[in-house]
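Single-structure report; data block below.
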Amino acid sequence: MEHIGFLSFGHWGPGQGSRTRTAADALLQGIELAVAAEELGVGGAFFRVHHFARQQASPFPLLSAIAASTSRIEIGTGVIDMRYENPLYMAEEAAAADLISGGRLQLGISRGSPEPAREGASAFGYRPQPGETDADMARRHTAAFRKAITGAGMAQADPRYAGGAAGLLPVQPQSPGLAERIWWGAGSRKTAVWAAELGMNLMSSTLLTEDTGVPFHELQAEQIQLFRDAWAAAGHAHTPRVSVSRSVLPIVDEEDNYYFAGSALRDGRDQVGVIDGLTARFGKSYVGPPDQLAEQLAADTAVQAADTLLLTVPNQLGVDFNAKLLGHIVQFVAPALGLGR
């Protein structure tokens, strides 16, 4: 483990106790939390992307604002649903955000998760081609996006308006190195192997759409090992990165105790359910005194196998609370695990 970051789902709404009541609150607090996290030594600020919901939906303005307000922290997504994306426009936005950040963008993408809108991508103008599934369409968009950010030609030049140029033109701007900082959010062992073969980093999901009866962290560790084996077999030149996400809520003071001491999250067990007709296993949350959390995370085989730990934060409790939470993890939990930032 080399890096610690936070992962915000960017919820907002007028519910009781919410300190993030509007979309403006969610966006501005996301910037503030990233700035605070950098000051604490946290290494990454990542945001989940959901459409047709009161959550973060258009990540690049937010990431660019964070990039302009910070100097060291990595910025990224966990993850963008590629069913919804125009690959070439996304390539332009991603390159611009990466250039503003000075090469700090770590972009998590995937096929996406269940959503509140029925066939939501079709409302954005994207439908599977004949014989395609939604997953196929997401992969097709991903292939075009990844090609575009390498500088490959994507559109035929018109010599009348292209200074006499002929052939295919690349999208602009381009940001060198971005292609090696694309992560695939894999929900199964099979998709992790697929990502490795194509040379994408692994962002192991907060749930796995399969269940073999073993604890979530063991199944996830197996997924990570299969990814690394497939990466080695593919012979890629650069070293891959692997992230896992965990809900880690240290109880240090009375405010923490008020929010989490009686929480069902303290149950400490995996959950098994059905997602899109597939049996899925969800990882447990870690809630309790910092020394207890350090022991539990040390025994989490997937956390130990990954190089990046993304801490999901209860963003609707506001910037001050979440900065305090991250500070407690940096101060009390990370040193006991020998974790970097």
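The values are calculated or read from the model by the stated rules, or taken from the named source; none is laboratory data. What you see is a predicted model, and the numbers here were worked out from it, not measured in a lab. Backbone-built Cβ (ideal geometry, glycine too); neighbour counts: all protein chains shown. With ligands, DNA and RNA removed, areas are computed over all heavy atoms of the protein, side chains included. Shrake-Rupley method; radii C 1.70, N 1.55, O 1.52, S 1.80 Å.
Structure summary
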| quantity | calculated |
| --- | --- |
| Taking segment 93-180 and dividing mean pair separation by its residue count, relative contact order in percent (alpha carbons under 8 Å, at least six apart) | 32 |
| Sorted peptide list for 177-184, 202-209, criterion being average Cβ within 10 angstrom, highest first | 202-209, 177-184 |
| In order through segment 59-75: 3J(HN,Hα) via Karplus (6.51 cos²θ - 1.76 cosθ + 1.60), integer Hz, x for Gly, Pro | x, 5, x, 5, 5, 5, 5, 5, 4, 6, 9, 9, 9, 10, 5, 5, 10 |
| Carbon/sulfur fraction of accessible area - the chain, other protein chains in place, 1.4 Å, % | 53 |
| Relative contact order of segment 1-150, defined on C-alpha pairs under 8 angstrom at six or more residues apart (%) | 21 |
| Taking the chain and dividing mean pair separation by its residue count, relative contact order in percent (alpha carbons under 8 Å, at least six apart) | 21 |
| Extension reserve of the HIS238-MET154 stretch, reckoned as 0.36 nm per residue once the Cα distance is removed | 27.7 nm |
| Largest-first ordering by accessible area, 1.4 Å probe, given options ASP98, ASP320, ASP136 | ASP320, ASP136, ASP98 |
| Highest-MSF residue in the chain out of LEU169, LEU226, LEU99 [GNM, Cα springs under 10 Å] | LEU169 |
| Å² per residue, accessible surface of the chain at 1.4 Å | 44 |
| Backbone HN-Hα couplings from phi across segment 19-29 [Karplus 6.51/-1.76/1.60, Hz, Gly and Pro as x] | 9, 10, 8, 10, 4, 4, 4, 4, 5, 5, 5 |
| Extension gain, GLU115 back to TYR258 (0.36 nm per residue minus Cα-Cα distance, nm) | 48.3 nm |
| Using alpha-carbon coordinates, inclination of helix 87-101 to the longest axis of the chain, degrees | 60 |
| FRET efficiency, 1/(1 + (r/R0)^6) with R0 30 Å, evaluated for PHE52 and ARG21 via beta carbons | 0.95 |
